[in-house]
Amino acid sequence: MDLTDRQFVRPTIIAADDPSLWASLVELWTFRELLLTLVARELRLRYAQTWVGVAWVALKPLVTMALLWAVFGLAADLPTEGMPRPVFFFSGLMLWFFFSGAITDGKDSLVANADLIRKVYFPRALLPLAIVVARLVDLAIMLVFLAGVMLMSDSTAWPSLPGLAVTVAVLTALSTAVGLLTAAINVRYRDATHVVPVALQLLMFASPIVYSSTLVPATWAWAYALNPLVGLFDGFRAALTGRALDVPSLLLAVVVTLTLLVIAITVFRRLDASFADYV
Amino acid sequence: MSTIILAEALSKQFDLAPRAAYGTFRDQLALAVRSPRRWWRRSDTEPLWALRDVSFAIRAGSVTGLIGRNGAGKSTLLKILSRITRPTTGRAVVHGRIASLLEVGTGFHPELSGRHNVFLNGAILGMTRREIAANFDAIVAFADVERFIDTPVKFYSTGMYLRLAFAVAAHLEAEILAVDEVLAVGDLLFQRKCMGKMADVARSGRTVLLVSHNLAAIQTLSDDVLVLDRGRLVGHGPPGETVAQFLDQLQGREGGEASSDLRALPRQSRAHAGLVEGLLNQRPLVASHTLVSGHDLAFELVVDLPEPRRQCFVGINIEDDFGVRLWSLHSHWEIPRFDLQTGAHRVRCRVPVPPLVSGQYHIGLEVGAGTERLDLLERVATLHVVQTGHGGTGETPGREHGYILAPADWSVVSTDGTPVSPEA
């Protein structure tokens, strides 16, 4: 065995204190192969046994969209920011399913792998991270379907790819932050697993998914914009139709996301030491 | 040789009831409302030191056995060294990668095929994809599951599952291998394979940390033995004497809490009716005794009947946890029945114990006269039988092979008289 090949040539110091943030990040990088393996497991388990396979990913927003179409779409003339109705709905639902899916699975990622945590060492953050990456793969599949929906509904405007990339990147960071936070808290307080879905339900109605944020009264707009999903969903849709991004609301989303990320990383690192004792 | 693991005053504290109480938001909230001060302090649970000031050094390339009773801190120590949990105080320096085999099959997923599980499990245990791919055929061959490698492991038999799991772990290329009770896995043939693999690992220059209740395996495989007792390191040295010292400690501890008085013990039918006092191997009988398989049992009983009886006998029996009687000793099978007057009589019995398979057994006593049973004490003492090697191979069969290890004399020669060399 070639010892120089290894990440552990330097002695490992085992002590009570938390390793530095930098050391943790370096370690995450050395474990990147395990991350990919965990992502592969996630995807394989989810899709291997259903014959619908990959199409299943897009089926959920498509069915939901059809439902909404049936209930609201025909009667109401809700504003859709100048987008074709299906494009408006599908894009909102797609982002929401990515975000809520990452949180729903992410919060359980540590508890569900208690067996691993109690018996093997690896950076625990890999488990919630693997969920986010797996959901990103889903999102990529849904993007292909979105392109199809756009073609079918004669969407004429050309999307701004940098705009899409930025909003998806921030949304991913936000999902990661909330995933890390809820996963860590769930280890200590097991009823978090029941609180999160309720919170998600509320958040869904507080986000411009099936309605446009232009419907929100101006007096409440500032409070509404504190929800980072508002700036991100609006931004994504603007980028989708090549409109200019609303920079202030996007910046606000970035600030909220970064704040959550710092909180999440701090809490996760704080609880990391005792996961194996509690999980 | 160089030191590969250095532990300095490692301690680990657990809160005794962190999980049961206040493990939910709801409980936290309730506590905060009911008694804000306690909620704030949060230190009302009694701490338990699972490990206390444990220091030692392990040489590179050695096999170190870790022994101790249940709850002595063996697994906690392994978990700290393999970084699964952090120490409360103290530190350790480890030169190299530790592959922990706290239990085989970690991370196996029933829905995935054997092939996918090998890669998943390997990655979790710290192997790179390249290493797993390079070892894949060897792993599958070792586990003997070639035909089923693309079948989901939920269709595997328990034996196949365990074999595959151990095979992955055994092919880890870590500098240090931490093994906990893995030797108990599988059938005899596979156990032998595991022992062989373990010896290979040790010979290949890797360091092994071995936790086992199987003292024979510890004695055969280790170069060095650590003894833990209630979180503290109480012994460290060469296997022979350290294991012996550990056995002595077990006996000593048990002797202290024991009693030789049989009068107050619960009887099935009536109050005390004859058996007054008992000693086993000169220790109070009412206790748990540790016995090395193949050694003698010496009973010394005091019988005092409330009235004179004729044609008396004394019986001793041994049964397992499930009440299966292994054997009985009745005095009248060996010596004539005797007449007893009132007053104390001492009855002695020495018996070489048939070499029993390791495990827990129970001793019962009775006194009878003619066909009448005068006194009966069931499960008056517990016997922990420990094997320290049967025949010298270090292999110790489990209960599934029966209770008795008959010391047999085997030989294998070719029919033309040339000796057969030992297995490679």
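Observations on the structure shown:
- Its residues counted as N, the protein assembly as shown yields a C-alpha radius of gyration over 2.2 N^0.38 Å of 1.26.
- The lysines whose alpha-carbon is closer than 27 Å to the alpha-carbon of residue B:193, local same-chain residues fewer than 8 away aside, are A:119, B:74, B:79, B:154.
- Taking the empirical scaling 2.2 N^0.38 Å for compact globular proteins as reference, the range B:60-251 has a Cα radius of gyration ratio of 1.05.
- In this assembly, the B-A interface accounts for approximately 4100 Å² of buried accessible surface in total, computed with a 1.4 Å probe and without ligands, DNA or RNA.
- For the range B:295-312, 3J(HN,Hα) per residue [Karplus equation, 6.51 cos²θ - 1.76 cosθ + 1.60, θ = phi - 60°, Hz, x = Gly/Pro]: 8, 7, 10, 10, 9, 9, 10, 10, 10, 9, 7, x, 8, x, 9, 9, 6, 7
- Charges were assigned to the Cβ only: +1 to each Lys and Arg, -1 to each Asp and Glu. The resulting dipole of the range A:29-278 about its Cα centre is roughly 580 debye.
- Scattering curve values for the range A:212-279, log₁₀ I(q)/I(0), Debye with Cα scatterers, q = 0.17, 0.18, 0.21 Å⁻¹: -0.68, -0.72, -0.85
- In this structure, the amide hydrogen of residue B:4, modeled 1.01 Å from its nitrogen in the peptide plane, lies closer than 5 angstrom to those of B:58, B:59, B:60, counting only residues at least 5 positions away or on a different chain.
- Residue (of B:88, B:98, B:121) at the positive-pole extreme of the range B:71-123, dipole from beta-carbon charges: B:88
- The DSSP beta bridges internal to the range B:60-251 are antiparallel in roughly 25% of cases.
- For residue B:8, net neighbour charge (Lys/Arg +1, Asp/Glu -1) across residues whose Cβ lies under 12 Å away: 0
- Max mean-square fluctuation residue, GNM over chain A, Cα-Cα springs under 10 Å, options A:32, A:243, A:85: A:32
- Amide H contacts of residue A:80 (H built 1.01 Å from N, under 5 Å, at least 5 apart or other chain): none
- Take every DSSP beta bridge whose two residues both sit in the protein assembly as shown; close to 75 percent of them are antiparallel.
- Convex hull per residue volume in Å³, alpha carbons only, for chain A: 164 Å³
- Based on C-alpha pairs under 8 angstrom that are at least 6 apart in sequence, chain A has a relative contact order of 25 percent.
- Shown for the range A:214-279: the carbon plus sulfur share of the solvent-accessible area, taken with all protein chains present and a 1.4 angstrom probe, equals 76%.
- Peptide A:107-117, shielding by other chains (average Cβ, 10 Å cutoff): 1
- In this structure, the amide hydrogen of residue B:347, modeled 1.01 Å from its nitrogen in the peptide plane, lies closer than 5 angstrom to those of B:301, B:302, B:303, counting only residues at least 5 positions away or on a different chain.
- For the range A:83-128, the share of accessible area belonging to carbon and sulfur comes to 55 percent (1.4 Å probe, ligands and nucleic acids excluded).
The values are calculated or read from the model by the stated rules, or taken from the named source; none is laboratory data. Given the structure is predicted, the values throughout are model-derived calculations rather than measurements. Every residue, glycine as well, gets a Cβ built from its backbone with ideal geometry; the counts of neighbours run over all protein chains shown. These accessible areas exclude ligands, DNA and RNA; they are computed on the full protein's heavy atoms, side chains included. Shrake-Rupley method; radii C 1.70, N 1.55, O 1.52, S 1.80 Å.
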